[in-house]
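Single-structure report; data block below.
The values are calculated or read from the model by the stated rules, or taken from the named source; none is laboratory data. Model, not experiment: these values are computed from the prediction. Please note: Cβ atoms are built from the backbone with ideal geometry, for glycine as well, and neighbour counts cover all protein chains shown.
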């Protein structure tokens, strides 16, 4: 990344931030709406993108949990199977205040799971759906996508443009913001990250890497917000690294031609922003100049991430909704779609409804607090 120093003039971290929505300019601000009033209103199903092989040292369990964190389930599985927590794997942290289905793995070489495993977990709102063997541990970030089914209620249903908003997102894509849950209540994860990076990040201060992730997510959202204001968030810049839809493959668009523009228009590829760290960001020309300007605006965060040894990565600025579906009903509407791993359903919802937890000002109490125990890896 371009060099940064803490002596440069830093822009203050403003919380809550005023990161713009894409559709406000077209349809106006969305009307207030409700979601996740109960766990059943927010359903998530993990999509691996491959099938367990049916044999091996690791027992894979397909579980449905209700109003539970992924971490708690992992701890209880370790206790129930009489193994250490290191022996339990999962692909991603899933929302707590929801009904979610995901895979877990338990390392059980040469032995079966306890015959009364379900009884040992009976006190939890948990259902064991499938058990199968696989040669390897389930590792973070190996899943392909998450499928969401979300119930929306309230005044937003009377918005005459609600169906148009949805159709626009289905056709043109969604701004790939990191969701409010990444930053904690009132941005406290980010403010803590700023203090830790200023004095020098240490693993013991941030064992799960969530502070590093909060800082990188903030810088990425700042980039995306600036691109939305400029009106080119969905159009590649000269010299920009573009990401192929549905994959982590990317290439640098050293020059733009009609073919690349057409591929971007049909959501075959997406512009990208940098996830700050050590190493070359791959960007050239105008795209690199914009990244350098951001480094100058937040030099302490950028320099702190570099000192922490985080490696530079790229993230798509835009999401394509996979298999989107709208089911209107009496006093409710159900929105269904799949998103690639690391993407936030709240980024979709904030374009459709207004809700306090979608404004990056997260209440400190109430049913939404702590609702998502992150749905993404700690460091992307």
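Structure values in brief
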quantity	calculated
Scan of the stretch 200-235 for residues that are in a helix (DSSP H, G or I), without any contact (Cβ under 8 Å) to a residue 24 or more places away in the chain and out of contact with any helix residue (DSSP H, G or I) (no Cβ under 6 Å at 6 or more places or on another chain), ordered by number	203, 204, 230
Condition check for residue 297: modelled with pLDDT under 95 and in the same structural domain as residue 231 (by TED's automatic domain parsing)	yes
Residues being crowded, with 18+ Cβ neighbours inside 10 Å and in contact (Cβ under 8 Å) with a residue 60 or more places away in the chain - total across the stretch 67-82	2
Verdict on residue 317 being in the same structural domain as residue 247 (by TED's automatic domain parsing), in contact with a helix residue (DSSP H, G or I) (Cβ under 6 Å, 6 or more places away or on another chain) and crowded, with 23+ Cβ neighbours inside 10 Å	yes
Residues within the stretch 321-356 that are within 14 Å of the chain's Cα centre (by Cα), in a strand (DSSP E or B) and closer than 11 Å to residue 148 by Cβ, tallied	2
